[in-house]
Amino acid sequence: MKLLFDQNLPPSLVERLADLYPDCAHVSRIGLERAQDEVVWNYARENAFTIVTKDADFGEMSILLHPPPKVIWLRRGNCSSDEIAEMLRTQCEAVVAFQNDPEEAVLALF
């Protein structure tokens with residue numbers, strides 16, 4: 001499963017979650033740190049990534065433009081990198097089920 005972490009998430013998640021999500025990337029490491037959402041969206045679509053974000057904009061784009069890419073929307077306020085990593089670890093089964101469901105476009109994790 002290929003996850004693309006948005007700018008509003010720490011780049012360290014790539015390494016921290018590599019055991020569960022081995023094909024992850026962060027926008028800052030692929031030259032998209034200042035890219036507009038549409039550019040990130042197109043990159044994710046063209047490279048088979050699921051976008052992981054705390055930004056509601058990608059969820060809205062998914063409804064309007066339809067997947068791919070799919071979007072995992074982290075619906076937690078201010079939180080640490082540890083909390084984000086733990087959330088994605090404990091919700092791994094939900095993430096896999098979401099990824100495998102062709103009808104689902106956005107997965108909100110709390």
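Is one or more of the residues making up region 20-36 over 12 Å from PHE5 (Cβ atoms), of a type in the set (A, V, I, L, M, F, W, C), over 12 Å from the mean Cα position of the chain (by Cα) and loosely packed, with under 15 Cβ neighbours inside 10 Å?
So far as region 20-36 goes, no, none of its residues is over 12 Å from PHE5 (Cβ atoms), of a type in the set (A, V, I, L, M, F, W, C), over 12 Å from the mean Cα position of the chain (by Cα) and loosely packed, with under 15 Cβ neighbours inside 10 Å.
Collect the residues in region 42-96 that are among the aliphatic types (A, V, I, L, M) and farther than 19 Å from ALA18 by Cα, keeping them in residue-number order.
Those that are among the aliphatic types (A, V, I, L, M) and farther than 19 Å from ALA18 by Cα: ALA56, MET61, ILE63, LEU64, LEU65.
Would you point out which residue out of ILE84, ILE63 is exposed (fewer than 13 other Cβ atoms within 10 Å of the Cβ), among the β-branched types (Val, Ile, Thr) and either in contact (Cβ under 8 Å) with a residue 12 or more places away in the chain or assigned to a strand (DSSP E or B) (or both)?
On inspection, the qualifying residue turns out to be ILE63.
Output the number of residues of region 87-110 satisfying the condition of being in a helix (DSSP H, G or I), surrounded by 15 or more Cβ atoms within 10 Å (Cβ to Cβ) and not aliphatic (A, V, I, L, M).
So the answer is 2.
Return the residue satisfying two criteria in turn: it lies in region 38-52 and is crowded, with 19+ Cβ neighbours inside 10 Å and under 12 Å from the mean Cα position of the chain (by Cα), and of such residues it is nearest to GLU104 (Cα to Cα). Before the answer, list the steps.
Within region 38-52, the subset crowded, with 19+ Cβ neighbours inside 10 Å is 40-41, 43-44, 49-52.
After this cut, where a residue has to be under 12 Å from the mean Cα position of the chain (by Cα) as well, the list is 40-41, 44, 49-52.
Details: VAL40: 20, TRP41: 17, ALA44: 16, PHE49: 15, THR50: 12, ILE51: 14, VAL52: 15 Å.
Step by step, filter region 38-52, then rank; the result is THR50.
Would region 22-33 turn up any residue that is among the polar types (S, T, N, Q), modelled with pLDDT of 95 or more and closer than 14 Å to PHE110 by Cα? Before the answer, list the steps.
Within region 22-33, the first condition is being among the polar types (S, T, N, Q), and the residues that meet it are 28.
Cutting the leftovers down to modelled with pLDDT of 95 or more gives us 28.
Those left that are additionally closer than 14 Å to PHE110 by Cα: none.
For region 22-33, residues among the polar types (S, T, N, Q), modelled with pLDDT of 95 or more and closer than 14 Å to PHE110 by Cα: absent.
Taking region 1-19, which residues are touching a strand residue (DSSP E or B) at 6+ places or on another chain (Cβ under 9 Å), buried (at least 16 other Cβ atoms within 10 Å of the Cβ) and within 20 Å of GLN99 (Cβ to Cβ)?
Of everything in region 1-19, those that are touching a strand residue (DSSP E or B) at 6+ places or on another chain (Cβ under 9 Å), buried (at least 16 other Cβ atoms within 10 Å of the Cβ) and within 20 Å of GLN99 (Cβ to Cβ) turn out to be MET1, LEU3, LEU4, PHE5, ASP6, LEU9, LEU13, VAL14, LEU17.
The values are calculated or read from the model by the stated rules, or taken from the named source; none is laboratory data. Predicted, not measured: the structure shown is a model, and the values here were computed from it. All Cβ positions, glycine included, derive from the backbone under ideal geometry; neighbour counts span all protein chains shown.
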